[in-house]
1. Residue 142 is checked against (1) more than 16 Å from the ligand (Cβ to nearest atom); (2) within 29 Å of residue 47 (Cβ to Cβ) and fails just one. What number does that condition carry?
2. Being in the same structural domain as residue 200 (by TED's automatic domain parsing), under 29 Å from residue 229 (Cβ atoms), touching an Asp or Glu at 6+ places or on another chain (Cβ under 6 Å) and among the hydrophobic types (A, V, I, L, M, F, W, C) narrows it down to one of 144, 95, 149, so name that one.
3. List pairs: first residue in segment 218-234 and under 13 Å from residue 62 (Cβ atoms), second residue among the small types (Gly, Ala, Ser) anywhere in the structure, Cβ distance under 8 angstrom, at least six positions apart or on different chains.
4. Could you check how many residues of segment 67-86 are more than 12 Å from the chain's Cα centre (by Cα) and either in contact (Cβ under 8 Å) with a residue 24 or more places away in the chain or within 14 Å of the ligand (Cβ to nearest atom) (or both)?
5. Looking only at residues in segment 94-106 that are within 16 Å of the ligand (Cβ to nearest atom) and open to solvent by less than 10 Å² (accessible area, probe 1.4 Å), which one is farthest from residue 81 (Cα to Cα)?
6. Please determine whether any residue of segment 180-191 is in contact with a strand residue (DSSP E or B) (Cβ under 8 Å, 6 or more places away or on another chain) and hydroxyl-bearing (Ser, Thr, Tyr).
7. Quick check on segment 64-81. Is at least one of its residues in contact with a Ser or Thr (Cβ under 7 Å, 6 or more places away or on another chain), more than 26 Å from residue 130 (Cα to Cα) and in the same structural domain as residue 176 (by TED's automatic domain parsing)?
8. Could you list all residues from segment 14-54 that are farther than 19 Å from residue 236 by Cα, open to solvent by 100 Å² or more (accessible area, probe 1.4 Å) and either hydroxyl-bearing (Ser, Thr, Tyr) or under 26 Å from the mean Cα position of the chain (by Cα) (or both)?
Amino acid sequence: MTYKRFKRGVKRRVINQAVNVRNFFLDLLRGKQKKYISEFGPLAEVQKRGELRTDICDHLPTLFAQVLASRPKLIVELGVRGGESTFVFERAAQITNSSLLSVDMNDCRDVSNWSRWNFVQSDDIKFAKEFPEYAAGKGWEAQIDLLFIDTSHEYNHTVAEINAWFPYLSSNATVIFHDTNLRELYKRRDGSWGLGWDNERGVIRAIEEYVGKKFQENKNFVEVVNGWVIQHEPVCQGFTILKKYGN
Ligand SMILES: C[S@@+](CC[C@H](N)C(=O)[O-])C[C@H]1O[C@@H](n2cnc3c(N)ncnc32)[C@H](O)[C@@H]1O
């Protein structure tokens with residue numbers, strides 16, 4: 001092990017301890033905060049799932065709302081892991097009668113047992129080339145109405161994802177990126193902290209270059225640029241929604 005890696009390991013352990021201490025005292029002093037729960041059953045399920053502190057918990061209800069508001073025919077999710085976002089898409093897609101396709105390089109097939117869930121284990125850039133044939137096999141148009149990107153968070157890979165998947169977007173598509181404000185230490189809305197990593201602005205930088213505008217990803221913003229309406233929330237590693245509106 002190099003000295004640099006050793007130093008980095010120590011630093012992360014110290015930050016992790018700080019995160020645990022902060023969250024412990026936060027809960028002790030204020031009591032674990034109850035989040036708002038809707039009377040609309042599927043949304044309530046999503047909100048309850050979001051009570052578990054994860055790197056995406058603050059954004060689950062927004063993700064649900066985006067699906068209902070955009071009524072997509074086809075949702076494509078890149079990055080499944082333990083299935084936080086998949087849980088949301090599964091519930092929302094049943095309401096909007098959308099087809100749902102999830103892609104991950106790892107085997108995530110046990111994440112959902114919804115009979116209409118489609119999972120492909122593949123590198124997402126490789127699979128993008130095969131997508132039209134896959135869609136035809138399913139009887140779908142190779143047009144994506146809602147694309148969710150939550151994979152490596154690395155700059156080169158995000159640029160490659162934009163190049164590989166954006167050509168399939170429908171004329172009024174929505175694209176959602178997670179991890180657009182990824183840092184070694186991130187904050188949630190309830191004041192708790194989480195341990196992230198520094199991706200050197202990889203995801204937001206790829207978006208900036210695509211739309212041709214710089215952003216301050218540590219602040220909330222709404223922007224309209226080059227045919228896109230862009231909404232950004234910095235909490236919980238950052239969540240950025242791009243909606244096509246036409247020029
Ligand atoms: C942050 S996790 C996804 C979290 C998930 N969306 C959730 O809400 O729980 C990132 C996932 O992206 C996957 N991934 C990373 N690089 C990938 C690639 N090139 N192609 C496909 N999947 C990839 C990883 O295997 C991992 O499961």
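The values are calculated or read from the model by the stated rules, or taken from the named source; none is laboratory data. Note that the coordinates shown come from a computational prediction; the quantities given were computed from them, not determined experimentally. Neighbour counts run over all protein chains shown; Cβ positions are idealised from the backbone, glycine included. These accessible areas exclude ligands, DNA and RNA; they are computed on the full protein's heavy atoms, side chains included. Shrake-Rupley method; radii C 1.70, N 1.55, O 1.52, S 1.80 Å.
1. (2)
2. Matching residue, one of 144, 95, 149: 149.
3. Listed pairs, sorted by first residue: 232/238.
4. Qualifying residue count for the region: 9.
5. Among residues in segment 94-106 that are within 16 Å of the ligand (Cβ to nearest atom) and open to solvent by less than 10 Å² (accessible area, probe 1.4 Å), the one farthest from residue 81 (Cα to Cα) is 100.
6. So far as segment 180-191 goes, yes, one or more of its residues are in contact with a strand residue (DSSP E or B) (Cβ under 8 Å, 6 or more places away or on another chain) and hydroxyl-bearing (Ser, Thr, Tyr).
7. Yes; the residues of segment 64-81 include at least one that is in contact with a Ser or Thr (Cβ under 7 Å, 6 or more places away or on another chain), more than 26 Å from residue 130 (Cα to Cα) and in the same structural domain as residue 176 (by TED's automatic domain parsing).
8. Answer for segment 14-54, where residues must be farther than 19 Å from residue 236 by Cα, open to solvent by 100 Å² or more (accessible area, probe 1.4 Å) and either hydroxyl-bearing (Ser, Thr, Tyr) or under 26 Å from the mean Cα position of the chain (by Cα) (or both): just 39.
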